[in-house]
Amino acid sequence: VMKDYFLAEKTPVAVIIPVKDGKTYLIKEWERGVSEVGHKFPAGRVDKGEEPVDGAARELKEELGLEAHD
């Protein structure tokens, strides 16, 4: 049963980060809709006037503290 939800009217972006030795970063966080911890790629919404690539870079910085390059 979903206890709460929200609607986002912004364009979504997700970031998949290939790293050394074939490993990829995931975020571990509480998923309210299913009431359990889940793993997912860094993701979020593109802000008004922001390009998707810039939104992805911002989400990467916000969620993992990593700087995007190329």
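The values are calculated or read from the model by the stated rules, or taken from the named source; none is laboratory data. Note that the structure is a prediction, hence the values are computed from the model and not measured. Cβ coordinates were reconstructed from backbone atoms using ideal geometry, including for glycine residues, and neighbour counts include every protein chain displayed. Accessible surface areas use protein heavy atoms only, side chains included; no ligands, DNA or RNA. Shrake-Rupley method; radii C 1.70, N 1.55, O 1.52, S 1.80 Å.
Looking at G38, G33, just one residue is at pLDDT below 85 and more than 21 Å from E67 (Cβ to Cβ), and that residue is G33.
Looking at the range 36-45, is at least one residue surrounded by 11 or more Cβ atoms within 10 Å (Cβ to Cβ) and of a type in the set (V, I, T)? No, every residue in the range 36-45 fails to be surrounded by 11 or more Cβ atoms within 10 Å (Cβ to Cβ) and of a type in the set (V, I, T). Among the residues of the range 49-70, the one identified as closer than 16 Å to E29 by Cα and part of a loop (DSSP other than H, G, I, E, B) is G65.
The residues on offer are A8, A68, A57, and the sole one that is open to solvent by less than 60 Å² (accessible area, probe 1.4 Å) and at pLDDT below 75 is A8. If we keep just the residues of the range 20-35 that are open to solvent by 80 Å² or more (accessible area, probe 1.4 Å) and in a loop (DSSP other than H, G, I, E, B), which is nearest to D4 (Cα to Cα)? Restricting to residues being open to solvent by 80 Å² or more (accessible area, probe 1.4 Å) and in a loop (DSSP other than H, G, I, E, B), the top hit is R32.
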